[in-house]
Amino acid sequence: MAAPTVTLNNGKQFPIVGLGTWNSPPGVVAQAVKDAIDAGYRHFDGAHVYENEHEVGEGINAKIAEGVIKREDVFVTSKLWCTFHDPKDVRGALEHTLKQLNLDYLDLYLMHWPICYQKSTELFPKNEAGEILHANFDILDTYRAMEELVDAGLTKSIGISNFNIKQVEYITKNARIQPVTNQVECNPYLLNKELSDFCKSKNIVITAYSPLGSPGRPWATPDDRVLLKEPKLLEIAQKHNKTPAQILIRYQIQRGHVVIPKSVTKDRIISNFDVFNFTLSDSEIKDLENFNYTERICSMSQDKHHPAYPFNDDA
Ligand SMILES: NC(=O)C1=CN([C@@H]2O[C@H](COP(=O)(O)OP(=O)(O)OC[C@H]3O[C@@H](n4cnc5c(N)ncnc54)[C@H](OP(=O)(O)O)[C@@H]3O)[C@@H](O)[C@H]2O)C=CC1
Ligand SMILES: O=C1CO[C@H](CO)[C@@H](O)[C@@H]1O
């Protein structure tokens, strides 16, 4: 089955379901990418900070070499990490990612966070007291350096991630090249309605990350509520003869979002893509949105004093 897409504000096609790759270990992720391509995925979400881009590229290139896909058939996303916000470091960061992926261009490059750190070989540079070494580049200056990457043909599109409404507005009002997406956490524990509506009004697609509640995140504790085990979700899944994960992925699609579930498990990779043959009713969606529990998985709380920290207005 051809991968269903949405049309971005620059006319490019963005496959609605992509494979997430955070916490996909080296030694495993190349096979996951290959399994995903065989299952019909044409969209891969990566980042410098995931430290596995070399293998993500290996998986993609293996399938190109086999003749299963051509480069132009897949949509490859990466993200500018917080240590490279200085406009003069932006191009080098993308070139490094392309080298890791062994690709000539990206389809989409996102500013991973509006917050930024001092340039470093460490991903999270810290002082001796263990505090993050923040930097203070204006997100618009960093974004303008990303616009030049489109001009240079190094990426087809650019976008943002973890930006709040004010930050999205600041970029859209001043950008020469509009961001195509804002990639943000979204699942029934974090609905992000206002942000989603605002982005829609600006013709910016929401890409929903941690759609399954990120059960494998490194800091999950036994006391955390587990989205995939919510009784109402299990009931809806049973009714449709679908898995709870398929219901959560379908929920994002019906909100008009693009969605990037991560898995390195072949049968999950396959079933997470089998979400285009059923529809949730309005009342089922209401039930999913009524779990009465709010959780932010990626809060980056160590950065809450940075002037561009996006979640200080959150309840
Ligand atoms: N822009 C940003 O700041 C962020 C972006 N992201 C992106 O979004 C992607 C997805 O989010 P992520 O936080 O990884 O979490 P997800 O919500 O996608 O959950 C992934 C976890 O769910 C498990 N899983 C996958 N499919 C199923 C299934 N069918 N049934 C049961 N369990 C399942 C996976 O296990 P297993 O792999 O073992 O099968 C893994 O432990 C990331 O991988 C990354 O690409 C994520 C966080 C922040
Ligand atoms: O994409 C992400 C996953 O992990 C990172 C932390 O290690 C987050 O900062 C980030 O948003």
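The values are calculated or read from the model by the stated rules, or taken from the named source; none is laboratory data. Please read all numbers here as calculations on a predicted model, not as lab measurements. Backbone-built Cβ (ideal geometry, glycine too); neighbour counts: all protein chains shown. Accessible surface areas use protein heavy atoms only, side chains included; no ligands, DNA or RNA. Shrake-Rupley method; radii C 1.70, N 1.55, O 1.52, S 1.80 Å.
Can you name the residue in region 248-289 that is among the basic types (Lys, Arg) and more than 16 Å from ligand 2 (Cβ to nearest atom) and is also surrounded by the fewest Cβ atoms within 10 Å (Cβ to Cβ) among such residues? Steps first, answer last, please.
Taking region 248-289 first, the residues among the basic types (Lys, Arg) are 250, 255, 262, 266, 268, 286.
Subsequent filtering for residues that are more than 16 Å from ligand 2 (Cβ to nearest atom) retains 250, 255, 266, 268, 286.
Details: Arg250: 25, Arg255: 18, Lys266: 15, Arg268: 17, Lys286: 10.
Looking at the filtered set, the residue picked out is Lys286.
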Residue count, region 163-192 (criterion: surrounded by 23 or more Cβ atoms within 10 Å (Cβ to Cβ) and within 16 Å of ligand 2 (Cβ to nearest atom))
7
Thr207 vs. criteria among the polar types (S, T, N, Q) and away from ligand 2 (no atom under 13 Å from the Cβ):
no
Filter region 23-60 down to the residues that are buried (at least 20 other Cβ atoms within 10 Å of the Cβ), assigned to a loop (DSSP other than H, G, I, E, B) and of a type outside the set (D, E, K, R) and list them by number.
Ser24, Tyr41, Gly46, Ala47, Asn52
Cβ pairs under 8 Å, 6+ apart or interchain, first in region 295-306 and at pLDDT below 95, second of a type in the set (Lys, Arg), ordered by first then second residue, are Glu295/Arg225
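Look through Leu234, Leu195, Leu227 and report the one residue that is near ligand 1 (Cβ under 10 Å from one of its atoms) and either among the aliphatic types (A, V, I, L, M) or open to solvent by 10 Å² or more (accessible area, probe 1.4 Å) (or both). Outline the logic, then answer.
Working: Leu234 fails: near ligand 1 (Cβ under 10 Å from one of its atoms); Leu195 fails: near ligand 1 (Cβ under 10 Å from one of its atoms).
Checking each option against the conditions leaves just Leu227.
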Which one of these does Ile160 not meet: (1) over 14 Å from Gln252 (Cβ atoms); (2) more than 14 Å from ligand 1 (Cβ to nearest atom); (3) of a type outside the set (Asp, Glu)?
(2)
